[in-house]
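The values are calculated or read from the model by the stated rules, or taken from the named source; none is laboratory data. Please read all numbers here as calculations on a predicted model, not as lab measurements. Note that we place each Cβ from the backbone using ideal geometry, even for glycine, and neighbour counts take in every protein chain shown.
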């Protein structure tokens, strides 16, 4: 990986309205990789730094792509679309969070003024994943097949008891 994904001086980037964009594979993000069913999913991102009189310094994060997850209903891989766009207000201390405008999420900048953009991307991607990955194409009704086509047509085991009961 390397390059600008290692460290950025956020205050300089905001003052100069710098834009950083690129592509990264899900497998290159060490905290995200174990959550994925494939490591070669490509994510396109953009980090746009800026500063406004009322809002202060910020970074606008855009992330697009799809990640391969394992459906917890069918246990099969599926592509989960990702489309994020958010503004992070750059703050030096936690108490500054209260002064952020609505629509801004806080990003606490270390005292040296440098951040690792890869960490921001990874944090936002992890937060965008569902707690329980479920392929929307897999129906939530009926018995769980788990790859056994006969499981859906199997007779209800309690049907035998109903037939044994005298009317």
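I need the full set of residues from segment 104-135 which are free of Cβ contacts under 8 Å to residues at least 40 places away in the same chain and either on the phi > 0 side of the Ramachandran plot or touching a strand residue (DSSP E or B) at 6+ places or on another chain (Cβ under 8 Å) (or both), in order please.
If we filter segment 104-135 for residues that are free of Cβ contacts under 8 Å to residues at least 40 places away in the same chain, which is where we start, we get 105-106, 108, 110-112, 119, 123, 127, 131.
Within segment 104-135, 105, 106, 108 meet the criteria.
Filter segment 9-36 down to residues that are touching a helix residue (DSSP H, G or I) at 6+ places or on another chain (Cβ under 7 Å), crowded, with 21+ Cβ neighbours inside 10 Å and touching a residue at least 60 places away in the same chain (Cβ under 8 Å), then give me how many there are.
Number of matching residues: 4.
So which of 46, 51, 39 is modelled with pLDDT under 95, assigned to a strand (DSSP E or B) and surrounded by fewer than 16 Cβ atoms within 10 Å (Cβ to Cβ)?
Only one candidate passes the filter, namely 51.
Keeping to segment 96-132, report how many residues are under 19 Å from the mean Cα position of the chain (by Cα), within 23 Å of residue 62 (Cβ to Cβ) and not in a strand (DSSP E or B).
Qualifying residue count for the region: 16.
Can you confirm whether residue 61 is within 23 Å of the chain's Cα centre (by Cα) and surrounded by 15 or more Cβ atoms within 10 Å (Cβ to Cβ)?
For residue 61, the condition - within 23 Å of the chain's Cα centre (by Cα) and surrounded by 15 or more Cβ atoms within 10 Å (Cβ to Cβ) - is met.
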